[in-house]
1. Within segment 73-89, restricting attention to residues that are small (Gly, Ala, Ser) and in contact with a helix residue (DSSP H, G or I) (Cβ under 8 Å, 6 or more places away or on another chain), which residue is farthest from SER8 (Cα to Cα)?
2. Which pairs do you get when a residue that is small (Gly, Ala, Ser), found in segment 64-82, comes within reach of a residue that is outside any helix (DSSP H, G or I) and surrounded by 14 or more Cβ atoms within 10 Å (Cβ to Cβ), reach meaning Cβ atoms under 8 angstrom, with the pair 6+ apart or on two chains?
3. Quick check on segment 64-71. Is at least one of its residues in contact with a Ser or Thr (Cβ under 9 Å, 6 or more places away or on another chain) and either closer than 17 Å to ARG100 by Cβ or assigned to a helix (DSSP H, G or I) (or both)?
4. Would you mind finding the one in PHE50, PHE12 that is under 27 Å from LEU95 (Cβ atoms) and touching a residue at least 40 places away in the same chain (Cβ under 8 Å)?
5. Between a first residue in segment 16-35 that is more than 17 Å from GLY61 (Cβ to Cβ) and in contact (Cβ under 8 Å) with a residue 24 or more places away in the chain and a second residue that is in a helix (DSSP H, G or I) and of a type in the set (Val, Ile, Thr), which pairs have beta carbons less than 9 Å apart while being 6 or more apart in sequence or on different chains?
6. Would you pick out the residues in segment 72-104 that are outside any helix (DSSP H, G or I) and aliphatic (A, V, I, L, M)?
7. Just to be sure before I move on: is SER17 touching a helix residue (DSSP H, G or I) at 6+ places or on another chain (Cβ under 6 Å) and surrounded by fewer than 17 Cβ atoms within 10 Å (Cβ to Cβ) in the structure I sent?
8. For segment 72-90, indicate whether the set of residues that are among the small types (Gly, Ala, Ser), in contact with a Cys (Cβ under 6 Å, 6 or more places away or on another chain) and buried (at least 18 other Cβ atoms within 10 Å of the Cβ) is non-empty.
Amino acid sequence: MDNQFKESGWAFVIYGSFSFLVSLAVYVFITFLTHNSDISFLISLLLGIFLVFSFLILLCGLQLLKGNKGVHKVALPLSIITLFNAPVGTIVGGLYLWQRFKNT
C-alpha cells in the first residue's frame, strides 16, 4: 500500500527538525545573554512553547511516514497553526491540508 502522506510527512520532518534546532539555539543564546530579567522570562517562555510545537511537528511527520492513521487527529490542528508561520510553514501546512482533503 502506498502512503499518500509521504510528501507531507517528509515536509513535517524537515520543517520540524529545522525549526526545533533553530529555536533551541536561540533559546540557549537568549538565556545565556539575558539572565535575571523579566523580558528573558517572557522570551524563554515563548521559545519554550515553540520548541514543544516544533517537536510535535517532527513527531507527526515521523508518524505520517510510518502510515499511522491516528496521527491525523494531531497533525490537522498543527498544520492549521503552522499556516501562520509564513512562508515555509504556510507551504508545509498547506501541503498537508491539500493532501488530507483532496479526496473529499
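Every read-out reported here was derived from the displayed coordinates using simple, explicitly stated rules and does not represent laboratory data. On a predicted model such as this, the values are computed, not experimentally measured, just so you know. Reconstructed Cβ throughout: ideal geometry from the backbone, glycine too, with neighbour counts over all protein chains shown.
1. Restricting to residues being small (Gly, Ala, Ser) and in contact with a helix residue (DSSP H, G or I) (Cβ under 8 Å, 6 or more places away or on another chain), the top hit is GLY89.
2. As it stands, the answer is GLY67/PHE5, since those pairs meet every condition given.
3. Yes, there is a match, as at least one residue in segment 64-71 is in contact with a Ser or Thr (Cβ under 9 Å, 6 or more places away or on another chain) and either closer than 17 Å to ARG100 by Cβ or assigned to a helix (DSSP H, G or I) (or both).
4. PHE12
5. Listed pairs, sorted by first residue: TYR27/ILE43.
6. LEU83, ALA86 - these are the residues of segment 72-104 that are outside any helix (DSSP H, G or I) and aliphatic (A, V, I, L, M).
7. yes
8. Within segment 72-90, one or more residues are among the small types (Gly, Ala, Ser), in contact with a Cys (Cβ under 6 Å, 6 or more places away or on another chain) and buried (at least 18 other Cβ atoms within 10 Å of the Cβ).
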